[in-house]
Amino acid sequence: MEKEKINSDNFLLDEQLIEKLRRLAAKYEAVGQDLNTHLDGMLYADYLTYWDYINLDALLSLQVQRTSFPDEMVFIVYHQITELYFKLIINDIQQVCQKEDSCDDALLLRNLKRINGYMRNLISSFDVVMANMDKEQFLKFRLALVPASGFQSVQYRMIEILSTDFRNLVSPSYRPFITRDTTIEEMYPKVYWKQGAIEKETGRKTLTLEMFEEKYGKNLLYTAREYRNKNIWILFDTYIKEKSGIEAQIVEEMRLFDVLMNIDWPLVHYRSAVKYLKKKEETTTTTSSTGGTNWQKYLPPRYQLSIFFPELWSDEELKNWGKG
Ligand code: HEM
C-alpha cells in the first residue's frame, strides 16, 4: 500500500510519523497539556549528556574522606559499590513481590539468577578490594568513623525482610517460641541484629544500634508488616511449590541465594574483620569494632544462623550451617 506523504517545507511526514503525533497529542490532551507547547520545549531543550543522565558529577562527589589516608578512599568507594549492588538486589526482589495474590514464576527465576550473580560479584570483589587495604592505614582511619559501622546498612536489613519469613530473622535462642500468631511487633525486639548489638561489658544497647533504630526503626517495621505476606518465601510457598513447571530450578536458585547471602558473604566479610581487627597473628587478642559488637561471636554464620529458607534444607544441612 502506497504511504500517505505530506510535503511540508521539504520535510516528508509519513503515515507512521503522523500517527505518532496523533498519539502524542492524545497523551497530552488526556492530562490537559498542549502538544505544541511540548514540541516547542523540545526545540529549545539541550541534548542529554551521559554525565547528566547518570548524575556522574554528583556521584563522584560522594566519596568524602574523614582522614587523608589514601586507602580510606578504597574503604568508602567499596562500601558504596556494595550499597549500589544491594539496591539492585532490592529492586529485583520488589519487582517479583509486587502482589500478594500471585507470583510470576519465570520472573522470579530470572531475578533470582540475577541476584545470585550480583552476590557472586560482591563476594569475589570483597577479597580483591577489602582484603588488600593497607592495614596500618586502616587501623588509623577507622578510628575517625566510630561509632559508624556497616551494621547500620539499612539495605542489608531490607534484603533480609523482603526475602524471608520474619521469624527466621529472630535470634536463634528465641526462634522456638515463635508461633504463627506471633506478631511482627512481638518479634522485632528479638531480631538477631538487635540481640547482637549489645555491649559485652555493660549489657547495654550499643550507640551504633540506638542511632540506627532511631533513624530506620519505624521504616523497617513498616516494611516487615508490608512484606509479611509477599516476601520471597511466602510467594514461593503459596504460588510455586508443587504448582510450577520450573519449581526445581527456582529451588536451586533460592538455595544458592541463601548460601551466598547467609554463608559466603558473611564469611568473606568476617575474614576481613579478622585480618584487620586481630591484633597479633599468634593470639586471639582483637581490636574493638567500630560498631561495638562482640564481632567474633556475632559475625560468623555458624553462630548467627541466619537462614532465609530453612524449609529447603535437610536437618543435616541445617545442623552444619556455616561450618563447611
Ligand atoms: C575491612 C573491612 C571491614 C571490616 C573490618 C568490617 C567489620 C565489621 C564488624 C566488626 C561488624 C560487626 C558490627 C560492629 O561491631 O561494627 C560489621 C558488620 C557489618 N558490616 Fe562490615 N566490615 C568491613 C567491610 C564491610 C563492607 C565493605 C561492607 C559493605 C557494605 C560491610 C557491611 C557490613 C554489614 C552489612 C554488617 C552487618 C552484618 C550483620 O548484621 O550480620 N562491611 N562489619
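Every number in this text was worked out from the coordinates using simple rules, so none of it is lab data. Treat the numbers as computed from the prediction; the structure is a model and nothing was measured. Quick reminder, even Gly has a Cβ in these numbers, built from the backbone with ideal geometry, and neighbours come from all protein chains shown.
Among LEU299, LEU43, LEU112, the largest mean-square fluctuation in a Gaussian network model of the chain (Cα springs under 10 Å) belongs to LEU43.
Where a ≥ b ≥ c are the square roots of the eigenvalues of the C-alpha gyration tensor, would you call segment 213-324 rounded, which needs a/c under 1.5, or, failing that, prolate if a/b is larger than b/c, or oblate? In terms of gyration-tensor shape, oblate. Amide H contacts of THR286: LYS279, each under 5 Å away and 5 or more positions distant or on a separate chain (H built 1.01 Å from N in the peptide plane; Pro and chain starts excluded).
Computed from Cα atoms, the angle from the helix 207-227 axis to the main principal axis of the chain rounds to 50 degrees. When peptides 213-220, 33-40 are ranked by their average number of other Cβ atoms within 10 Å per residue, the highest-first order is 213-220, 33-40.
Site pair TRP51 and ALA131 shows an inter-label distance of 3.7 nm when each label is modelled 7 Å from Cα along Cα→Cβ. Arrange the following residues from fewest to most other Cβ atoms within 10 Å of their Cβ: SER102, SER163. Starting with the residue having the fewest Cβ neighbours, the order is SER102, SER163.
Counting neighbouring beta carbons within 10 Å and listing from fewest to most, the residues THR164, THR286 come out as THR286, THR164.
Hey, with R₀ at 56 Å, roughly what FRET efficiency would GLU19 and ASN121 work out to, going by the Cβ-Cβ distance, to 0.05?
FRET efficiency, GLU19 to ASN121: 0.80.
Taking amide H as placed 1.01 Å from N in the peptide plane, LEU13 has its amide H under 5 Å from the amide H of ILE6, SER8, each at least 5 places away in sequence or on another chain.
Using only the Cα atoms of the chain, each taken as one equal point scatterer with no solvent, compute I(q) by the Debye sum, divide by I(0), and report log10 of the ratio at q = 0.08, 0.11, 0.16 Å⁻¹. After summing over all Cα pairs, the log10 values are -0.52, -0.83, -1.43.
May I ask for the net charge around GLN63, where only other residues with Cβ less than 13 Å from the Cβ of GLN63 are counted and Lys, Arg are +1 while Asp, Glu are -1? That works out to -3.
Couplings 3J(HN,Hα) for segment 162-176, derived from phi with the Karplus relation 6.51 cos²θ - 1.76 cosθ + 1.60 (θ = phi - 60°), are 6, 8, 10, 4, 4, 4, 6, 9, 6, 3, x, 5, 9, 4, x Hz, where x marks Gly and Pro.
Label segment 23-99 by shape, choosing from rounded, prolate and oblate, from the square roots a ≥ b ≥ c of the eigenvalues of the Cα gyration tensor; if a/c is under 1.5 it is rounded, and otherwise prolate applies when a/b is larger than b/c, oblate when it is not.
Numbers: a/c = 5.01, a/b = 1.80, b/c = 2.79.
Verdict is oblate for segment 23-99.
Using 0.36 nm per residue and subtracting the Cα-Cα separation, the extra length available between VAL146 and LEU318 on full extension is 58.4 nm.
Estimate the FRET efficiency between GLN65 and GLU29 by the formula 1/(1 + (r/R0)^6), using the beta-carbon distance for r and 51 Å for R0, to the nearest 0.05. Between GLN65 and GLU29 the formula returns 0.45. Specify whether the C-alpha gyration tensor of segment 70-228 places it in the rounded, prolate or oblate class, a ≥ b ≥ c being the square roots of the eigenvalues: rounded for a/c under 1.5, otherwise prolate if a/b is larger than b/c and oblate if not. It is oblate, given that a/c is not under 1.5 and a/b is not larger than b/c. For the residue pairs LYS215/LYS297; LYS215/LYS319; LYS87/LYS205, the C-alpha atoms sit more than 31 angstrom apart in LYS215/LYS319. For VAL191, the residues whose modelled amide H falls within less than 5 Å of its own, excluding neighbours fewer than 5 places apart on the same chain, are SER171.
Counting beta carbons within 10 Å around each of VAL77, VAL191 and listing the fewest first gives the order VAL77, VAL191.
I want the local charge near GLN155. Using Cβ-Cβ distances under 15 Å, sum +1 for each Lys or Arg and -1 for each Asp or Glu among the other residues.
0
Subtracting the Cα-Cα distance of LEU221 and TYR239 from their residue separation scaled by 0.36 nm leaves 4.0 nm.
Ordered from longest to shortest, the equivalent ellipsoid semi-axes for segment 151-271 are 28, 18, 13 Å, each the square root of 5 times a Cα gyration tensor eigenvalue.
Estimated at 0.36 nm per residue, the fully extended path between GLU214 and GLN95 surpasses their Cα-Cα distance by 40.0 nm.
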